[in-house]
Amino acid sequence: MMKTLAAYIAALLVWTACGDGKQSVIDREALVERNSPVVTAFDSLASLSVGNGEFAYTVDITGLQTFPDNYSKGVPLGTQSQWGWHSFANPEHLTPEETLKEYDFGRGKKELYATQFKEKGRQQDAANWFRVNPHRLHLGIVGFDVKEDTDIEQVTDIHQKLCLWNGKIESRFKLNGEDYQVETVCHPSSDMIAAHITSKAHTGICFRFPYPTGGHCDDACNWEAIDKHTTTIVTQNESSAVLKHTLDSTEYYITLHWEGKATLNEKAKHYFVLTPIDDKLAFTCAFTSEAPSTQTVTVEQIQEEAKNYWNSFWKEGAAVDFSSCTDSRAKELERRVVLSQYLLAIQSAGTTPPQETGLTYNSWFGKFHLEMIWWHEAQFALWNRSNLLDRTLAWYEKAEPMARQIAQRQGFDGVRWMKMTDPSGTEAPSKVGSFLIWQQPHLIYLAELLYRADPTKEVLEKYNRLVQETAEFMYSFATYDELEGRYVLKGAIPAQETLRAAETVNPPFELSYWHFAMQTAQQWRERMGQQRNLEWDEMLDKLSPLAYNADGLYLAAETATDTYKDIRYTSDHMAVLGSVGILPMNKLIREDYMKNTLHWIWDNWNWGKTWGWDYPMTAMNAARLGEPEKAVGALMMDKRTNTYLINGHNYQDGRLRIYLPGNGGLLTAIAMMCAGWDGCLETNPGFPKDGTWNVRWEGLKPLP
C-alpha cells in the first residue's frame with residue numbers, strides 16, 4: 001500500500017511539474033494582444049512582417065514597402081519565399097568536384113571536403129561560384145508610389161500595430177498632410193499579400209522588381225542591372241493582371257487583383273503602378289513559381305482566413321503567462337516569448353530549413369545552415385506545434401542523396417548532412433562549415449521530439465530510416481583508439497568554431513551529442529522491433545569522457561589544454577554548456593565539474609563575442625544544474641547579442657540585425673524551464689522559488 005501511495009505521489013509531482021497542472025485557464029487573446037508591437041515613429045530596425053512560413057512580406061511605417069532604402073541597413077523590407085532562388089550564369093562550366101580538397105585526419109584514409117581556396121585559379125572560382133549560387137531572391141517591392149523627392153520624415157502622425165491575434169498590420173499616418181489607413185495581411189497558405197487602403201490622396205501602388213545582388217548579406221536588390229532581366233505583362237483586364245519576371249534561367253509570376261476603380265500602367269522597366277480612382281483600394285498580390293490559375297479571392301476573404309489561422313495558432317499551441325510574476329524582468333521576457341512564437345511561425349516553418357535571417361533578408365546568400373535547424377525548430381514540438389517541425393523535417397528525404405554522396409566521398413557509412421546548403425541539398429564550399437559535425441545528430445533529436453509529441457507507428461516509419469542512416473555515419477566517423485580502448489572524435493571543427501579541425505580531439509558538446517543521438521537511434525530500433533546494434537552499444541560504452549583540468553573545469557576539447565588561458569577558447573559559443581542543457585546528463589560527465597564550468601564561464605567568458613543562442617543554451621545548462629537564478633539571468637543578460645527589437649527580432653550586430661536561432665533558442669529554454677525534462681520532479685524548475693516567478697503555462701512538452 002505504501003509503495004502504491006508513493007508511486008501515486010511521484011506521478012502527481014511529475015504531472016504538476018512537467019505537465020500542465022491544475023491552473024486557471026490562460027486568457028490567450030489578452031496574453032497575445034498585450035504584446036502586439038506598436039510603432040509610432042520611423043526606426044529602421046522596427047519594420048514588421050506578415051507571412052506563413054513559406055513566404056513573408058516586411059513593411060515600413062506605411063504598411064507597405066514605400067521606403068526600402070531607409071530600411072536597407074536596418075531590418076530590410078523583404079519579399080521572400082522558400083522557392084524563390086536564382087543562379088548567375090556559369091559560362092566556365094565550373095563543377096562541385098572542383099571545390100574539393102583532400103585532407104588527412106589520421107583515420108587511415110584521405111577525405112575530400114568542399115572548401116574555399118586562397119590560391120587564385122579554377123578551384124577558387126568554383127568554390128566562390130558555388131558559395132554564391134543559388135541565392136535567394138527578393139521577389140518584388142510593393143509600396144506607395146511616392147515622388148522621388150519624398151522623404152520618410154514627411155510621414156507623420158504614425159500609429160502602426162501588428163495585431164498578432166489576427167495576423168494583421170494596421171497602419172495610420174499622414175503623408176504631405178493627407179490621411180492614410182492601411183491594413184496588410186498574408187494569406188495563410190499561399191504566397192500572397194492583401195492590402196486595404198483608405199486615402200483621399202489616391203496615391204498609386206508601385207510594383208518594382210530587382211535583379212539579385214548575389215551579396216553575402218544584404219536585401220538582394222540590384223536596381224542598376226535593369227537590362228539583365230525582363231518584366232512583362234502577360235494578361236490584363238479592368239480588375240486584374242499577371243506579370244512575368246524573368247532573370248536568366250529563372251522565372252516567376254506576379255498576379256494582381258484589385259477591388260475598386262484603378263488603372264495599371266508600366267512606368268519604367270520593372271516598374272508598374274496601380275493608380276486608384278476612388279478613396280478606397282483593396283488589392284491582392286500573389287507570387288508563384290508557375291503560371292497562376294484564374295481563381296480569385298477577395299481581400300476580405302484573405303483577412304478572414306488569416307484571422308482564423310492565427311486565432312487557431314494561438315489557441316492550439318502552448319502558452320506561457322508571466323503576468324502574475326513580480327520580478328521586474330518578467331514583462332520583457334513575456335514580450336520576447338510571444339513575439340518569438342509569431343516570428344518563427346512566419347519565418348522558420350516552411351518546407352525547407354530556414355536561413356538565419358528567415359524570409360526577411362539574405363545572410364550567407366540566402367542559404368540555410370543545418371546546424372541551426374535545431375535552434376529554429378525544436379521549439380515547435382515543445383510548444384504543441386509539431387506539425388510545423390514535421391513540415392520542414394520532410395526536406396531531409398530530398399537531401400539524402402546529396403548527404404550520402406558526401407559520406408561516400410569521405411569514406412564513411414550512412415549519410416553526412418551538409419552544413420550550408422539550399423533546397424537542392426548542394427553543399428556550399430566553406431573553410432569552416434564543411435568540417436562541422438554537430439548538425440549530424442539534429443535529425444535524430446528532432447525526429448525524437450516529433451515521436452514524443454505523437455508516439456505513433458506512422459512517425460517511426462516516416463523517419464526511422466533516416467535516423468538509422470544518420471547514426472551509421474556517426475558510428476563510422478568515431479575513431480577507435482586501440483591503445484587506450486576508447487572511441488574519440490577528431491578531424492572536425494566543433495560548435496565552438498574558434499577551434500581547428502586538424503588539431504581538435506574530443507570537443508565536449510559533440511561527445512555528449514554523439515552519446516545522446518546514438519542511444520536514441522538504438523531506442524528507435526527497439527521501437528521498430530529491431531535488435532540493438534551491438535557495435536553501437538560498444539561505442540556507447542567506450543566513448544571518451546569529457547576532458548577536464550586540475551581545477552575540475554571542462555576543456556573546450558581534450559587537445560585544448562590552454563582553455564582557460566587562450567582567448568580562442570573563451571570566445572564564440574561556450575559549447576561545453578550544451579553538453580548538459582540541450583542534452584540530458586550522461587555517464588561521460590560529472591555534474592560537479594559541469595557546475596564549476598558554468599560558474600567560470602559566467603564570470604569570465606568573453607560575452608561580447610557570443611551569439612543569440614548562447615544565452616538560452618546557458619539558461620538550459622543552469623536549469624538542469626539546479627541554478628534557476630542563473631537560468632533567468634542568462635535569458636535576460638544585458639548584452640548586445642541578447643537584444644530583442646520592438647518587432648521581437650534578436651539583434652546581433654550591424655551585419656545580422658535579426659537572428660532567428662536566438663528566438664528559437666529562447667522558446668526552447670522557456671519550455672524546459674517550465675515543463676522540465678525527463679525525470680524532473682519540480683514545478684517550473686528553471687525559475688527561482690523566491691515568490692517573484694509565478695509562471696503559468698499550458699500545453700508545453702518537456703525536453704528529453
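The values are calculated or read from the model by the stated rules, or taken from the named source; none is laboratory data. Small disclaimer: the values here were computed from a predicted structure and weren't measured. Glycine also receives a Cβ, built like all others from the backbone with ideal geometry; neighbour counts cover every protein chain displayed.
Key figures for this structure:
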| quantity | calculated |
| --- | --- |
| Residues that are out of contact with any strand residue (DSSP E or B) (no Cβ under 8 Å at 6 or more places or on another chain) and either buried (at least 16 other Cβ atoms within 10 Å of the Cβ) or of a type in the set (Lys, Arg) (or both), drawn from the range 134-165 | Lys147, Ile152, Leu164, Trp165 |
| Filtered residue count, the range 103-114, keeping only those that are closer than 19 Å to Lys419 by Cβ and either without any contact (Cβ under 8 Å) to a residue 12 or more places away in the chain or in a strand (DSSP E or B) (or both) | 5 |
| Positions within the range 505-536 being closer than 19 Å to Ile589 by Cβ and not in a helix (DSSP H, G or I), in sequence order | Val505, Asn506, Pro507 |
| Tally of residues being surrounded by fewer than 24 Cβ atoms within 10 Å (Cβ to Cβ), in contact (Cβ under 8 Å) with a residue 40 or more places away in the chain and either outside any loop (DSSP other than H, G, I, E, B) or among the hydrophobic types (A, V, I, L, M, F, W, C) (or both) across the range 196-206 | 3 |
| Selection from the range 559-594 of residues that are closer than 14 Å to Asn606 by Cα and among the hydroxyl-bearing types (Ser, Thr, Tyr) | Thr563, Tyr564, Tyr569, Thr570, Ser571 |
| Selection within the range 115-158 - of a type in the set (D, E, K, R), within 30 Å of Asn176 (Cβ to Cβ) and outside any loop (DSSP other than H, G, I, E, B) | Glu153, Asp157 |
| Number of the condition not met by Val432 [criteria: (1) under 22 Å from the mean Cα position of the chain (by Cα); (2) surrounded by 24 or more Cβ atoms within 10 Å (Cβ to Cβ)] | (2) |
| Whichever residue in the range 244-268 is over 35 Å from the mean Cα position of the chain (by Cα) and in a loop (DSSP other than H, G, I, E, B) and, among such residues, is surrounded by the fewest Cβ atoms within 10 Å (Cβ to Cβ) | Lys261 |
| Index of the failed condition, Ser328 passing every other in (1) of a type in the set (Gly, Ala, Ser); (2) surrounded by fewer than 14 Cβ atoms within 10 Å (Cβ to Cβ); (3) out of contact with any helix residue (DSSP H, G or I) (no Cβ under 9 Å at 6 or more places or on another chain); (4) touching a residue at least 60 places away in the same chain (Cβ under 8 Å) | (4) |
| Residue identified as buried (at least 24 other Cβ atoms within 10 Å of the Cβ), touching a strand residue (DSSP E or B) at 6+ places or on another chain (Cβ under 9 Å) and assigned to a helix (DSSP H, G or I) among Ala634, Ala623, Ala619 | Ala623 |
| Some residue of the range 171-183 being assigned to a loop (DSSP other than H, G, I, E, B) and more than 22 Å from the chain's Cα centre (by Cα) | yes |
| Top-ranked residue of the range 501-553 - restricted to ones that are small (Gly, Ala, Ser) and touching a residue at least 12 places away in the same chain (Cβ under 8 Å), ranked as nearest to Gln468 (Cα to Cα) | Ala521 |
| First in the range 571-589 and over 19 Å from Asn549 (Cβ atoms), second anywhere and among the polar types (S, T, N, Q) and in a loop (DSSP other than H, G, I, E, B), Cβ under 9 Å, 6 or more apart | Asp572/Gln496; Asp572/Thr498; Asp572/Asn606; Asp572/Thr610; His573/Gln496; His573/Thr498; His573/Thr610 |
| Pair list, Cβ under 6 Å, 6 or more apart: the range 274-302 residue more than 12 Å from Asp191 (Cα to Cα), other residue part of a helix (DSSP H, G or I) | Ala282/Val299 |
| Given (1) touching a helix residue (DSSP H, G or I) at 6+ places or on another chain (Cβ under 7 Å); (2) in contact (Cβ under 8 Å) with a residue 24 or more places away in the chain, number of the condition Phe117 does not satisfy | (2) |
| Residue count, the range 657-694 (criterion: part of a loop (DSSP other than H, G, I, E, B), aliphatic (A, V, I, L, M) and either touching a Ser or Thr at 6+ places or on another chain (Cβ under 6 Å) or surrounded by 24 or more Cβ atoms within 10 Å (Cβ to Cβ) (or both)) | 1 |
| Residues within the range 226-241 that are in contact with a Ser or Thr (Cβ under 9 Å, 6 or more places away or on another chain) and farther than 17 Å from Gly84 by Cβ, tallied | 5 |
| Contacts under 7 angstrom Cβ, first residue in the range 646-657 being over 21 Å from Ala41 (Cα atoms), partner of a type in the set (Phe, Trp, Tyr) and surrounded by 20 or more Cβ atoms within 10 Å (Cβ to Cβ), 6 or more apart | Gln652/Trp611; Gln652/Tyr659 |
| Qualifying residue in the range 392-401 (condition: over 16 Å from Thr426 (Cβ atoms), out of contact with any His (no Cβ under 8 Å at 6 or more places or on another chain) and outside any helix (DSSP H, G or I)) | yes |
| Residue match in the range 335-345 (condition: in contact with a helix residue (DSSP H, G or I) (Cβ under 9 Å, 6 or more places away or on another chain), surrounded by fewer than 19 Cβ atoms within 10 Å (Cβ to Cβ) and touching a residue at least 24 places away in the same chain (Cβ under 8 Å)) | no |
| Within the range 186-213, tally of residues that are touching a His at 6+ places or on another chain (Cβ under 9 Å), under 27 Å from Glu305 (Cβ atoms) and β-branched (Val, Ile, Thr) | 1 |
| The range 466-504, subset in a strand (DSSP E or B) and over 17 Å from Asp566 (Cβ atoms), residue nearest to the chain's Cα centre (by Cα) | Lys490 |
| Conditions (1) surrounded by fewer than 21 Cβ atoms within 10 Å (Cβ to Cβ); (2) out of contact with any Pro (no Cβ under 8 Å at 6 or more places or on another chain); (3) modelled with pLDDT of 95 or more; (4) in a helix (DSSP H, G or I): number failed by Arg568 | (3) |
| Of the criteria (1) of a type outside the set (Gly, Ala, Ser); (2) crowded, with 23+ Cβ neighbours inside 10 Å; (3) closer than 17 Å to Pro545 by Cα, which one Gln496 fails | (3) |
| Test: residue in the range 340-357 that is over 26 Å from Cys221 (Cβ atoms) and not in a loop (DSSP other than H, G, I, E, B) | yes |
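Matching residues to (1) assigned to a loop (DSSP other than H, G, I, E, B); (2) aliphatic (A, V, I, L, M); (3) touching a residue at least 24 places away in the same chain (Cβ under 8 Å):
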{"position": "Gln65", "(1), (2), (3)": "yes, no, yes"}
{"position": "Asp69", "(1), (2), (3)": "no, no, no"}
{"position": "Lys73", "(1), (2), (3)": "yes, no, yes"}
{"position": "Pro76", "(1), (2), (3)": "yes, no, yes"}
{"position": "Gln80", "(1), (2), (3)": "no, no, yes"}
{"position": "Phe88", "(1), (2), (3)": "yes, no, yes"}
{"position": "Pro91", "(1), (2), (3)": "yes, no, no"}
{"position": "Leu94", "(1), (2), (3)": "yes, yes, yes"}
